[in-house]
Amino acid sequence: MNFAFDFLENEVWWGGSSNYGTQMPIGKDINYCQDFRIDASNQTMPFFASNKGRYIWSEYAFKAEVKDGKFCFDGEDDIAIYDGGSTLKEAYQAASKAHFPFTGKQLPEVFFKTAQYNTWIEMLYNPCQEKVLKYAEDIIANGFEPGILIIDEGWHGRYGNWEFDHDKFPDPKGMIDKLHKMGFSVMLWVVPYVCADGEFFIRKILNGEDVFMRTENGDVAIIKWWNGYSAILNLAHEGDKEFLDKQLQHLVNDYGVDGFKFDGGDIASYEPGNVINGKFACDMSAAELNIAWNEFGERYAFHEYKDTFKGGGKSVIQRLRDKFPTWDGEGINTLIPDTILQGLIGHPFVCPDMIYGGDWGAFMNGNKIDEELFIRSAQCSALLPMMQFSLSPWRVLSKEALEIVTEAAQLHKKLSPEIIKLVKASTVSGDPIVRNLEYNYPNCGYENISDQFLLGEDILVAPVVEKGVTERTVVFPDGKWSSEDGTVYEKGTHTVPAPINILPYFRKVK
């Protein structure tokens, strides 16, 4: 259906996909057009909320566009506008209660206690037992706290055959036992794709097992993804769920693995046009298949997802998409606005991308490490619900820079009891943990501020996200706010010191 309406006076909107936080908020004079039916990347919700208390909801993806001063929507199902109150917070809370209520399901506290670590940038496709153990030992030796350690792509054999590559990992149980004794929880990377050749795949087919998405003529459907061409699982289908769950339970029960990073399975993977050899026989939509993939992983307490449609309201760890090691473009400049938007579309349990960036292609050309960017990236993540390292700071940074990055990780641990308290409350209320000022202080002219944020209600955080900056302008809302050195700021705009070793953050004085 087509649907359009006029903006109210001074009305702006947030919503759609967390991938586009830098485009928010949307006003009548903004050049905005996104079609979430074909671009549902990162966390996507068919939902927008305004600072005037209104919200848009549909059960299906739609196109959203500002055209001739109107907010226009086009979709295959009903799209409606609702009156949720008079503020952004009221609009969000009304929508959550009606369409994506939170259940109170708790998440493991270890996700939020200390920094997490991921092998991806450090090892790319070639992790091995020796490297993983050395990485863990170096984490502790360099003053970082043990936490969740994710062994990313490459620990396994062929995609879909989720067993350790025993040439790379000759004693996986011994390795995981050792990591546990060191204080780490261990997660493994998996995807819903299955290499469509070799003994493992052929055996499943010859045995007549009812697994893998099929084409209309009964052949295994072959789809394209970023590593080539594979079969793909339908996690709404009992045979496929059993196929994957049996393998993952083996890893948990026999090796002691704690959980899994569920990558891929995005809507694009399940689009009918992505099938190389015909059409899917399954009559489920790409969105429904993506939802099934995400719901599958919730059975594991330790999990992580990146590409979800209608995942709002779920107690699920959600990571922002891969970022670049840059100041602009898709770099550090996106972390705060994307995180704010992620919370405003119902995904409060956010893990920003790996510190200094997780887009592996950016690390292939031998570019020199920008120590200032590394430091500011760590500081920007320190007071988000989670922070995750991959590139080893002790390997690439000077002693002075490493000390500052270590302090950022220690700050996260120091404030983790407060973060965990916010997480527990959010599993019930659904309120964002990371909030823009407009959420807590409506109609004060704060709607366009996207380079600082509130952690809950009482901590104001203003990271530096521009190169060469040693002081920054901070907007303080109503009340008095105390910095770490005891300086108190009252409501208004103030310039605060922000040398390279300082993350400006302030606690509300009560």
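The values are calculated or read from the model by the stated rules, or taken from the named source; none is laboratory data. Everything numeric in this text was worked out from a predicted model, so none of it was measured. Note that we place each Cβ from the backbone using ideal geometry, even for glycine, and neighbour counts take in every protein chain shown.
Numbers for the structure displayed
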| quantity | calculated |
| --- | --- |
| Filter result (surrounded by fewer than 23 Cβ atoms within 10 Å (Cβ to Cβ) and outside any helix (DSSP H, G or I)) within the stretch 390-419 | Leu391, Ser392, Leu397, Ser398 |
| Residues located in the stretch 74-124, provided they are more than 30 Å from Met364 (Cα to Cα) and among the small types (Gly, Ala, Ser) | Gly75, Ala80, Gly84, Gly85, Ser86, Ala91, Ala94, Ala95, Ser96, Ala98, Gly104 |
| Any hit, the stretch 203-215, residues being surrounded by fewer than 22 Cβ atoms within 10 Å (Cβ to Cβ), touching a residue at least 12 places away in the same chain (Cβ under 8 Å) and in contact with a Lys or Arg (Cβ under 7 Å, 6 or more places away or on another chain) | yes |
| Total residues in the stretch 179-196, condition out of contact with any Phe, Trp or Tyr (no Cβ under 9 Å at 6 or more places or on another chain) and touching a residue at least 12 places away in the same chain (Cβ under 8 Å) | 4 |
| Single residue of the stretch 332-355 satisfying the filter (part of a loop (DSSP other than H, G, I, E, B) and modelled with pLDDT of 95 or more) that is farthest from Lys413 (Cα to Cα) | Ile345 |
| Members of the stretch 78-105 that are touching a Ser or Thr at 6+ places or on another chain (Cβ under 6 Å) and surrounded by fewer than 17 Cβ atoms within 10 Å (Cβ to Cβ) | Gly104, Lys105 |
| Of all residues making up the stretch 481-501, the number that are on the phi < 0 side of the Ramachandran plot and either in contact (Cβ under 8 Å) with a residue 40 or more places away in the chain or touching a Phe, Trp or Tyr at 6+ places or on another chain (Cβ under 8 Å) (or both) | 13 |
| Exclusive hit being over 30 Å from Phe111 (Cβ atoms) and among the charged types (D, E, K, R), set Asp258, Asp263, Asp283 | Asp283 |
| Enumeration of residues in the stretch 433-480 that are touching a residue at least 60 places away in the same chain (Cβ under 8 Å) and part of a strand (DSSP E or B) | Val434, Arg435, Phe453, Leu455, Ile459, Val461 |
| Failed item, numbered, when Pro127 is tested on (1) out of contact with any strand residue (DSSP E or B) (no Cβ under 9 Å at 6 or more places or on another chain); (2) in a loop (DSSP other than H, G, I, E, B); (3) of a type outside the set (A, V, I, L, M, F, W, C) | (1) |
| Which listed residue, of Tyr229, Tyr255, is within 25 Å of Tyr117 (Cβ to Cβ) and over 25 Å from the mean Cα position of the chain (by Cα) | Tyr255 |
| Long-range neighbours under 7 Å by Cβ, at least six apart or interchain, first residue under 11 Å from Gly430 (Cα atoms) within the stretch 101-117, second of a type in the set (A, V, I, L, M, F, W, C) and at pLDDT 95 or above | Phe102/Val428; Gly104/Val428 |
| Answer residue from the stretch 135-154, given it is β-branched (Val, Ile, Thr) and part of a helix (DSSP H, G or I) and is surrounded by the most Cβ atoms within 10 Å (Cβ to Cβ) among those | Ile139 |
| Matching entry among Gly346, Gly358, Gly313, Gly366 (being among the small types (Gly, Ala, Ser), on the phi > 0 side of the Ramachandran plot and crowded, with 24+ Cβ neighbours inside 10 Å) | Gly346 |
| Within the stretch 481-508, tally of residues that are part of a loop (DSSP other than H, G, I, E, B) and surrounded by fewer than 17 Cβ atoms within 10 Å (Cβ to Cβ) | 7 |
| Wholly within the stretch 155-270, strands (runs of 3 or more DSSP E) carrying at least 3 residues that are in contact with an Asp or Glu (Cβ under 6 Å, 6 or more places away or on another chain) | 185-190 |
| Pair list, Cβ under 8 Å, 6 or more apart: the stretch 47-59 residue under 12 Å from Leu88 (Cα atoms), other residue among the charged types (D, E, K, R) and assigned to a loop (DSSP other than H, G, I, E, B) | Ser50/Glu11; Asn51/Glu11; Asn51/Glu447; Lys52/Glu11; Arg54/Glu11 |
| Residues located in the stretch 225-256, provided they are without any contact (Cβ under 8 Å) to a residue 24 or more places away in the chain and small (Gly, Ala, Ser) | Gly228 |
| So Asn294, is it polar (S, T, N, Q) and in a loop (DSSP other than H, G, I, E, B) | no |
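Condition check ((1) aliphatic (A, V, I, L, M); (2) in contact with an Asp or Glu (Cβ under 8 Å, 6 or more places away or on another chain); (3) under 19 Å from Met1 (Cβ atoms); (4) at pLDDT 95 or above) across all residues:
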residue: Asn31; (1), (2), (3), (4): no, no, no, no
residue: Phe47; (1), (2), (3), (4): no, no, yes, yes
residue: Lys52; (1), (2), (3), (4): no, yes, no, yes
residue: Asp83; (1), (2), (3), (4): no, no, no, yes
residue: Leu88; (1), (2), (3), (4): yes, yes, no, yes
residue: Gln93; (1), (2), (3), (4): no, yes, no, yes
residue: Lys105; (1), (2), (3), (4): no, no, no, yes
